[in-house]
């Protein structure tokens, strides 16, 4: 486990070392996903909650898309001493994306589908609550599909002229039927056909880290299936709310939606 997590830390750059072996990557950016290292047997507290650490002391964490200029961690050591560490956070610039031509019912859903949308949201939240002991996020991430990035995380979206919430993932445009593979191994926690995102897959990678794959034309995995990195998940499509074939791909740490593009190797 420790070796796998070391590999992940290495792709995000060197860790910023502080006393007592508490470290995080030396560059933190709004919306980013990271792995830190704490002394063994230490408790790590972030935003008022205790963060789970591996037996070797590694812990994943994510930053909000509009995180402030610094973040702080409170570390309680095995001997009862504690210290707070603060780190600077780089600002991320976000664009405005305009999407026209969507069916009106997909921008402003009719009343008869409101209950379905509500239940879809509940299912997604439940799938993202997984807090397993898997450590698959410790490997370097690979691209789920190669293609043009057609939508960036955090973009402010205007749909048919109406402002909507910021984009919560990244969109990769590719021909319909292009295979989509798992960037990390893990366990499939949801396979569903949802109103907005069409054929959707969610994978648990351990310690609150999960990824989501949307608009698939077909799905090649089953719920609760354990998969390896690079396994076929399905095919690129345009099910749900989409104007063309693409993969909407999201990265989460518990309830925090993160920017997967920041964790990827160069194309």
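The values are calculated or read from the model by the stated rules, or taken from the named source; none is laboratory data. Bear in mind the structure is a predicted one, so any value in this text is a computation, not a measurement. FYI the Cβ positions are ideal-geometry reconstructions off the backbone, even for glycines, and counts take in every protein chain you see.
What to note about this one:
- Scan region 66-118 for residues that are at pLDDT below 85 and in a helix (DSSP H, G or I) and the total you get is 4.
- Count of region 172-199 residues which are within 20 Å of residue 232 (Cβ to Cβ), assigned to a strand (DSSP E or B) and touching a residue at least 60 places away in the same chain (Cβ under 8 Å): 6
- Checking each residue in region 246-264 for being assigned to a loop (DSSP other than H, G, I, E, B) and either surrounded by 21 or more Cβ atoms within 10 Å (Cβ to Cβ) or in contact with a helix residue (DSSP H, G or I) (Cβ under 7 Å, 6 or more places away or on another chain) (or both) picks out only 259.
- When 197, 211 are screened for being at pLDDT 95 or above, buried (at least 24 other Cβ atoms within 10 Å of the Cβ) and within 13 Å of residue 169 (Cβ to Cβ), only 211 passes.
- Hey, residue 13 assigned to a loop (DSSP other than H, G, I, E, B) and at pLDDT below 85 or not: yes
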